[in-house]
Structures are given as C-alpha cells and as structure tokens.
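One structure is given below, encoded as structure tokens.
The values are calculated or read from the model by the stated rules, or taken from the named source; none is laboratory data. Computed from a prediction, not measured in an experiment: that's the story for all the values here. Here Cβ is always computed from backbone atoms with ideal geometry, including for glycine, and neighbour counts include all displayed protein chains. When the accessible area is computed, the model is the full protein with side chains, heavy atoms only, and any ligands, DNA or RNA have been set aside. Shrake-Rupley method; radii C 1.70, N 1.55, O 1.52, S 1.80 Å.
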Amino acid sequence: MFWNSLGFVFKQSFVSLYRNFWLSFASILTSMLALTLLGFALLFLANADHFAQSMESQVEIAAFIDETVDEAGLEDIMRAVRALDAVAEVTLTTKDQGLREWIPDDAARASYLEDVGGINPIPNKITVTAREAEAVAGLAESVLDMAGVYRVNFGEDFLAPMLRLTASLRWVGLAVVAAFALATMLLISLNIKTNVQTREKEIQIMRLVGAENFLIRGPFFFEGLLIGLLGALLAIIIVGFIYTWLTEYIAANLVFVPVVSERSTLYFVLEIMAAAGMTLGAVTSAVSVRRFLKF
Amino acid sequence: MGAGGIGDCRPNGVISLKSVSKIYANGARALHNVDLEIGAGEFVFLVGQSGAGKSTLIKLLYREETATRGLVMVNRFNLMRLRNYQIPAYRRRIGVIFQDFKLLENKSVFENVAFAQQVIGKPKRERKANTDKMLALVGLSHKARAFPGELSGGEQQRVCVARAMINNPILLIADEPTGNLDEATAWEIMRLLYELNRLGTTVVMATHAMHIVRKMGRRVIRVEGGRIMGEKPEVKL
Ligand SMILES: Nc1ncnc2c1ncn2[C@@H]1O[C@H](COP(=O)(O)OP(=O)(O)OP(=O)(O)O)[C@@H](O)[C@H]1O
Ligand SMILES: [Mg+2]
C-alpha cells in the first residue's frame, strides 16, 4: 500500500515536471545558476581567506629605533615588545647587520661608509612577528607608542584594502546569491501553482474518493524538491569541473598565486550546494503547496 | 427507536441530521434547522426548486461543506467533528456522482475507474480485478479502453457510477445525476441506481426530474428555501 502510493507520488512529480517542460526547465536553470554562484562565492571566499592568511603570515612589523637608544635601551624595548599580546617572535637587526644586509659586498660597503663620512645611516631594527593577522595593526601601534621607536612598517598598505575588499565582496556575493535564490523560489512556486491548476480536476476527484493528503500534496512537494536537486546536480558538475580545471591551471602557470587546491574544501562546498538546493526546493514547495492547495 | 440524545438515530441509521443550518461565508442562508433521518438501504430523493438547498445538503453529506449549526452524522462519522486528516477515511465509505460527471479526459474508462483505487493505494492486481468487475456491473466492459470524449452522456455517467462504487461504499450520493441526460438515458442510470440500492447501497439523490421521482415511487423529501417542507414516504409498487 505504502509503496504503491510512493510510486504514484514519484511518477506524478516527473509527469508534472515534464508537462510544463519550459517552466520546469527555467526553474531548474535558475536554481542551477543560484547554486553555481553560491558555489563560486564560497570557493572565492575560501581562497580569499587562504590568500589573506598566506600574505598575513609574511607580514612582519619592522620597528626602527632612535639613534639615542643604547644597547641596554634596546634590550628594554625588546623585553617590552615580547610582553605584548599576540607577539610570536621578536628579532633584532643591528645597524651593522642592517648595513651588511643592504650592501653585502665588503669593498662596496667600505667605500659607501667613506662616502657618508663614516657614519652608518641604517638604524637598529626590531622585527616583530604577530601570532594572528588581525592583531598586526594593533600591535604595530603599540610598538610605535614605545619610547625609542620612531617608526614602524608593516603590510598595512597592501593588506588593509585587501581585507576590506574581501569583506565587501562577501556581502555582494551574498546579495547576488540571495537574489538568485529568490528567483528560484518564485519560479518553483509558479511551477507548483501552474501544476495545481492543470491538475485541479484530478485533485478534486482524488479528494472525493478519499486519497490521503500526502498523496495529493506529495507530488507537488517532491517536484519542487526535484527542481532544487537537479539544479544542484548541474551546479555541482559545473563548479566541480571549472574549479578543478582552474586550480590545475593556476598551479601550472601562476605558481606564485596561492590557491586552495585541497579536494576536501571543494567537496565541502559541493556538499553545501547540494544541501542548499534541496532545502531551497523543499522549503519553497512546502510553502507553495500550503498556499495553493487548501483543503 | 431512541428517545433523544446525540447518539440517537434509527437502529440502522446511515444519515442523521439534527437542527442543521448552513450559512455560507457570503451570508447566504442555504439551510435552516433541517432534521433528517435516513436508514440503511433506503432510496431517497431530494426535490425542490432551484436554490432550495439540495446541493448544499448533499455537500454536507460528503463533507465538502460543514454545517454552521446542528449535528450531521453519516455512517457513524460525526461530520461536525471530523478533522481534515480524517476526511479521506470518511470519503472512502461513500460514493458521489454529479451532473457534470467529472471524468479525467486524458485517462481511459478503465483508468478513470481504477484511479479511485490507485489513489488509495490498492495494489495493481486488486485494482484490475475490481475495475473489471465494476465495468461489468455498469455494462461498460467493452468500452474499457475508450476515452470519456468517445462516450455518450449515459455511458459517461455509468463510468462515474463505477468509480463511485468501486471502494464498496455503503452510501451513494448523487446530485442531479440525470441532469445532462435525455429521458431514455436517464432511465438507464436510474435502473443502475435501483440495482445498486437493491444490492444494499443507500442512495440519496437530488433531482429536478419529477417524472422519474413519481415513477420510482421511493421516499421523497421536499426542500424549499432551505427547509424541509414535506415528505412523501415510499410507495411500494
Ligand atoms: N458556495 C456557495 N457560496 C455562497 N452561497 C451559496 C454557495 N452554494 C450555494 N449557495 C446559495 O445557497 C442556496 C442554495 O443553493 P443550492 O446550490 O444548495 O441549491 P439547489 O437546491 O441545489 O439548486 P439547484 O436545483 O439549482 O441545483 C442558494 O441561494 C445559493 O445561492
Ligand atoms: Mg444543486
């Protein structure tokens, strides 16, 4: 009895999908678009985070020390910096080391020193590495506040705008995905409404002869679910292939761009897409069935 | 016979209406204080002018509408208390036919009749056996593969009777089943209903066809302005 009915529900949903072919097609396509966008948005964010992290981890704060600070003062400053929160590492580059790094060749260095009157112009430098990316800016400020530190350098110029960009892209991406999800919901709802209308007489007869409610509502519900699922399936194929191809291409040709190429990230995103597709279909049909199929 | 109370109906009562009123959402008063008892195995005509309330009464019986006041009992189902999810179980115990047939044009005669069992989850083999039996009963075995559009009005109504009766209801409700048929065809349907009634089905039929009512000689209930204005008991022929 139950299996007979279930067969009826499934068959009806497929028949309904086929009956309004172009409407179903449009619905599946929009849901595919919505989910494809969702997939790429998520992957983009994952990459942006990854990128930001790899940039941030390279970002160190360089603190330049006044000439008036002696060796003991240097030690004090380093101790104070180490005591700060979020500090991972503190290293000292002395004037001499700095000069040597700048002009490695001994002869060239000697002649340069002669030119500037024997006074090494390179300041003592303390390099501070932050534990977390978010802490860099705050840390730099604290270091600058210390007596004897006259200047700090860090990746602010590059990092801050990038973080701001990803943050706003996050919202734009969310808005675009939401817009397409809304379009999908409207189309699924229209699909169900149309099918309720074409099957009006059949539904009337089913009610008259005592068909259970799930048999009347089931096909519509399942049809919406199917639209979401088919859209998700297509989107998963598209996103899966394009992303795999893209990461392989970048890995081969743009070695310096750090991309997230772990399969687990991609699979996780694809799973989210499938779940989103099903939820979108199921929720929309549940709502529309309640709206269009009253007792 | 009982002496009152909610459960009071005839010993084999199939339908029991007590002080039933129906006011539609738009304010139209379709039934006023209707009392009606119909026993098992009866054949009852509902007659009266257009707008008298016959269809409203019929709709209360198959729970398309609910009464505004009063008590409606059918087949021991209290229709005033029936919840939405209980309606299917109730409808399986009754059969309904209409003036406008309500057949599915894209399904064959066989499929139309079998549909009533398909949608209540009967297995295919059982469905086929029952449908064949019902089509034989209404004399349409030879038209099983035809589509409703290829049938005469009388034949279409017989398909509807087969569909209404396939789940073995104890009550058949008919709203002007001969309204679209010529006299000879109408009698064809009446003979069929007569036969079903003889086999034990209670029949309630709303009609304007007074010549049929007179000739059948069964119990007649006259509805006027939403009230029952008189009754003519069965005349044994
Ligand atoms: N769905 C409805 N909504 C509002 N009023 C209704 C509805 N159905 C019927 N009525 C009103 O209720 C009254 C009784 O109508 P009903 O259909 O029961 O009459 P009837 O006896 O079946 O008439 P007929 O012989 O023409 O079929 C009429 O005044 C009608 O206008
Ligand atoms: Mg009527």
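Given +1 at the Cβ of Lys and Arg, -1 at the Cβ of Asp and Glu and no other charges, the dipole of segment A:91-245 around its Cα centre is 1000 debye to the nearest 20.
Over chain A, dividing the summed -39,500 (n - 2.57) contributions of all DSSP H runs of at least 4 residues by the number of residues returns a 222 nm mean residue ellipticity of -26000 deg cm²/dmol. Largest first, the residues A:18, A:112 sort by 1.4 Å accessible area into A:18, A:112. Of the heavy-atom accessible surface of the protein assembly as shown (probe 1.4 angstrom), what whole percent is carbon and sulfur? Whole-percent figure for carbon plus sulfur exposure: 59. Name the residue from A:276, B:119, B:98 whose Cα lies farthest towards the positive end of the charge dipole of the protein assembly as shown, charges +1 on Cβ of Lys and Arg and -1 on Cβ of Asp and Glu. Most positive-ward Cα: B:98.
Using R0 = 35 Å, the C-beta based FRET efficiency linking residue A:151 and residue A:51 works out to 0.80. Solvent-accessible surface of protein heavy atoms, probed at 1.4 angstrom with all chains present, puts A:182, A:270, B:172 in the order A:182, A:270, B:172, largest first. Normalising the average separation of contacting C-alpha pairs (under 8 angstrom, six or more residues apart) by the number of residues puts the relative contact order of chain A at 32 percent. Listed by chain and number, the lysines placed with their C-alpha closer than 22 angstrom to that of residue B:59 are A:201, A:294, B:18, B:22, B:102; residues fewer than eight positions away on the same chain are left out. Each of A:25, A:220 has its accessible area taken with a 1.4 Å probe; listed largest first, they run A:25, A:220. Ordering B:167, B:233, B:202 by Cα displacement along the dipole of chain B toward the positive end leaves B:167 in first place; charges were set at the Cβ atoms of Lys, Arg (+1) and Asp, Glu (-1).
Legend: mean number of C-beta atoms from other chains within 10 angstrom of residue C-beta atoms, peptide B:140-146, equals 0.
Charge dipole of segment B:100-172 (Cα centre as origin; +1 on each Lys and Arg Cβ, -1 on each Asp and Glu Cβ, all else neutral): 320 debye, rounded to the nearest 20.
Ranking B:80, A:32, A:88 by how far each Cα lies toward the positive end of the dipole of the protein assembly as shown (charges on Cβ) leaves B:80 at the top. About its Cα centre, the dipole of segment A:200-294 is roughly 460 debye, where the only charges are +1 on Lys and Arg Cβ and -1 on Asp and Glu Cβ.
Modelled spin labels at residue A:169 and residue B:28, positioned 7 Å past Cα toward Cβ, are 6.4 nm from each other. Are there any residues in segment A:1-43 with a reduction of at least 40 Å² in accessible surface when going from the isolated chain to the assembly of protein chains? Probe 1.4 Å, please list them by number. Checking the loss per residue gives A:1, A:4, A:8. Per the accessible-area calculation with a 1.4 Å probe, the total area buried between chain A and chain B rounds to 1800 Å².
The lysines within cross-link reach of residue B:215, meaning a Cα-to-Cα straight distance under 21 Å and a gap of 8 or more places when in the same chain, are B:54, B:232, B:236. Computed on chain B, with alpha-carbon pairs under 8 angstrom and 6+ residues apart, the relative contact order is 27 percent.
Counting 0.36 nm for each residue step from residue A:144 to residue A:70 and taking away their Cα separation leaves a gain of 24.9 nm.
Cross-link partners for residue B:107 among the aspartates and glutamates, with Cα-Cα distance under 20 Å and sequence neighbours closer than 8 places in the same chain left out: A:200, A:202, B:126, B:132, B:150, B:155.
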